[in-house]
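Notes follow the structure.
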Amino acid sequence: MRRIQAGEVLSASIDIAAPADAVYALVSDITRIPEWSPETVRVRRLDPAGFRSWNRRRLGVWRTDAKIVESIPGERFSFVVQAMGGDWTQWTYRLEPRGDSTRLTEEFRMCVALPTAILAFEWLFLLVRDRRADLRQNLETSVARIGTIIESGAARRRTGEHP
């Protein structure tokens, strides 16, 4: 199996029945990432452009720090996870308004070649045998959950229910 290389990009998309501003409001609220991420369990803002997340997957537990690198309301939100003294991965949410809906694309970009030590951690503790396939599944899960959060919130507002 070929390891994930620097510059490699994976993505997943979904059409959400909501305006781009509503989708942006959710994905740019970093404290809500645990609601849709298959791995992130908690997030704490460190400063206006930085945050720390606590992650768990199967037997693995780890913490990461990230910095927000792009924030364009209604269009794009992006942050870079930093590890081992540099940028590790970049996560970007792209929004394309389409009439009464928005096309959301979540994109993962590897900033460095995946080190052997991380491959071993993923194999032993995350029980991941194919990181590329695992990331694709996580991206699909993530965008589906975002769509559900936004559309169920819009439905509650239309019927006058409270969350």
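The values are calculated or read from the model by the stated rules, or taken from the named source; none is laboratory data. Quantities reported herein were computed from a predicted structural model and do not represent experimental measurements. Note that we place each Cβ from the backbone using ideal geometry, even for glycine, and neighbour counts take in every protein chain shown. Please note that ligands, DNA and RNA were not included when accessible areas were found on the heavy atoms of the full protein model with its side chains. Shrake-Rupley method; radii C 1.70, N 1.55, O 1.52, S 1.80 Å.
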Per the filter on the stretch 70-86, residues among the hydrophobic types (A, V, I, L, M, F, W, C) and open to solvent by 70 Å² or more (accessible area, probe 1.4 Å) are 84
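Residues are listed down the side, and each one gets a yes or a no for (1) open to solvent by less than 80 Å² (accessible area, probe 1.4 Å); (2) more than 20 Å from residue 109 (Cβ to Cβ):
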position	(1), (2)
17	yes, yes
24	yes, no
29	yes, yes
59	no, yes
62	yes, no
Per the filter on the stretch 32-42, residues farther than 27 Å from residue 100 by Cα and either in contact (Cβ under 8 Å) with a residue 60 or more places away in the chain or of a type in the set (Ser, Thr, Tyr) (or both) are 38, 39, 40
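Can you name the residue in the stretch 116-163 that is among the hydroxyl-bearing types (Ser, Thr, Tyr) and open to solvent by 50 Å² or more (accessible area, probe 1.4 Å) and, of all such residues, is modelled with the lowest pLDDT? Quick ask: steps written out before the conclusion?
Step one: filter the stretch 116-163 for residues among the hydroxyl-bearing types (Ser, Thr, Tyr), giving 116, 141-142, 148, 152, 159.
Among the residues that remain, those that are also open to solvent by 50 Å² or more (accessible area, probe 1.4 Å) are: 116, 148, 159.
On the way: 116: 84, 148: 97, 159: 55.
Per the stated criteria, the residue is 159.
Of these, 66, 6, which one is touching a Cys at 6+ places or on another chain (Cβ under 9 Å) and among the aliphatic types (A, V, I, L, M)? Before the answer, list the steps.
Details: 66 fails: touching a Cys at 6+ places or on another chain (Cβ under 9 Å).
Matching residue, one of 66, 6: 6.
Go through the stretch 30-64 and give me each residue that's among the acidic types (Asp, Glu) and within 14 Å of the chain's Cα centre (by Cα). Reasoning before the result, please.
The initial filter retains those residues of the stretch 30-64 that are among the acidic types (Asp, Glu), namely 35, 39, 47.
35, 39, listed by residue number.
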Over the stretch 33-55, the set of residues open to solvent by less than 80 Å² (accessible area, probe 1.4 Å) and assigned to a helix (DSSP H, G or I) is 33, 34
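Taking the criterion of being without any contact (Cβ under 8 Å) to a residue 12 or more places away in the chain, within 23 Å of residue 134 (Cβ to Cβ) and in a strand (DSSP E or B), would at least one residue in the stretch 63-78 satisfy it?
Taking the stretch 63-78 as the starting set, the residues that turn out to be without any contact (Cβ under 8 Å) to a residue 12 or more places away in the chain are 63, 72.
Then drop every residue that is not within 23 Å of residue 134 (Cβ to Cβ), which leaves 63.
Now restrict to residues that are in a strand (DSSP E or B): 63.
Yes, some residue in the stretch 63-78 is without any contact (Cβ under 8 Å) to a residue 12 or more places away in the chain, within 23 Å of residue 134 (Cβ to Cβ) and in a strand (DSSP E or B).
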